[in-house]
Amino acid sequence: MLDRPVRPELGERHYLFSDESGDLQCRASNNVSKYFAVGTLLIEENELARLRSEMAKLRDELAWSNHGLDSCFHATEDSYVVRQRVFDLLSDFDFRVDVTLLQKNKAQPQARKDEPTFFKYAWYYHLKYIAPQIFEEDDEVLIVAAELGTKRVRKAFRAAIEDVMSQCLHFRVKRTLAFWRDESDFALMAVDYCLWAVFRKWERGDDSNYKKIADKIKTEYDLWSVGHITYY
C-alpha cells in the first residue's frame, strides 16, 4: 500500500489593515500637506476579534456618557475626550504598525505625474520594505485598504496595490485585497488613529498622542530622507 502523502504545514494567517494620510497633491500651498504616508496595522486573528469587541464596547460606553459618535471613530474629527479614550484602549493591544512617508517636494517628476502613480510609489516602497519582515512562504494575508475616492479612482488604486503585491510579496504568500469603508471595521479605525498620530508627529512636530502607541510603531520609513533636491 502506498503511503498517504503528507500535507505540508500551512503558514500563518495575517490581517493587514491600511490607511493613507496627507493628500496626493504635489505643489506648494498652505493647504497641501508636506508628506504623504501609507500606514499598515498587522494583527493576528484572535487579537483582531478582541480589538473589534473592545472598541465596540468603548463606542457604547462613550455614547451612554453623552460622547456620541455620528458614525465611527475618526482621529481628525473626534473630540479630545474620545480621542484620548481610544488611544488609551489601543495601547493595551498587541499589533504592529509600519509607516512609510514621502516628502512630496522631493518626488521626481515621473513619480508624481498623476495621483495613481504617486499612490503606487508609496505602496510599492512600503510593501517592499516591510513584506520580508512579516511574511513567510505559505502565509495567508488579507490586506484591507480604506475605501477612498470615486469608483474610477478606487479601480486605479486597487490595480496599483494588486500590482505592488505581485512585485513585493513572495509568490507563495496567498494574498487577498479588499477595500472596505472606514466605518465598517474597527481595525480600520485603529489604523486611522495610529497613522494620524505618526503623521502629526512628522507634519506638525506634535508627538503627544504618538507617545501612547510608540511601542506599537515598528518602523517609520522616510523614503527620501537622504535626498537634498526639492522640486517646488
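Read-outs throughout are calculated quantities, based only on the coordinates presented, and are distinct from any laboratory measurement. Note that this is a predicted model, so its numbers are computed, not measured. All Cβ positions, even for glycine, are placed from backbone atoms using ideal geometry, and neighbour counts span all protein chains on display.
Applying 1/(1 + (r/R0)^6) with R0 = 22 Å to the Cβ-Cβ distance of Ser91 and Lys34, what FRET efficiency is obtained, to the nearest 0.05?
0.20
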Problem set entry | When each of Lys113/Lys211; Lys151/Lys216; Lys104/Lys155 is checked by Cα-Cα distance, pairs over 30 Å | Lys113/Lys211; Lys151/Lys216
Exercise. How about Lys218: which lysines have a C-alpha closer than 20 Å to its C-alpha, ignoring those fewer than 8 places off in the same chain?
Worked result: Lys128, Lys201
Exercise. Quick one: putting +1 on the C-beta of Lys and Arg, -1 on the C-beta of Asp and Glu, what dipole do you get for the chain around its Cα centre, in Debye to the nearest 20?
Worked result: 920 debye
Exercise. Which of Ala159, Ala122, Ala107 sits closest to the plus end of the dipole of the stretch 103-163, meaning its Cα is farthest towards the positive end, when Lys and Arg get +1 and Asp and Glu get -1 on the C-beta?
Worked result: Ala107
Exercise. In terms of the ratio Rg/(2.2 N^0.38 Å) built on C-alpha atoms, what value belongs to the stretch 100-232?
Worked result: 1.12
Problem set entry | 222 nm mean residue ellipticity, helices alone, for the chain (DSSP H n ≥ 4; -39,500 (n - 2.57); rounded to 500) | -13000 deg cm²/dmol
Seminar exercise, completed: For the stretch 13-222, the charge dipole (Cβ of Lys, Arg +1; Cβ of Asp, Glu -1; about the Cα centre) points to a positive end, and the Cα of Phe95, Ser29, Met189 closest to that extreme belongs to Ser29
Seminar exercise, completed: Here Rg/Rh (Cα, Kirkwood) for the chain equals 1.00
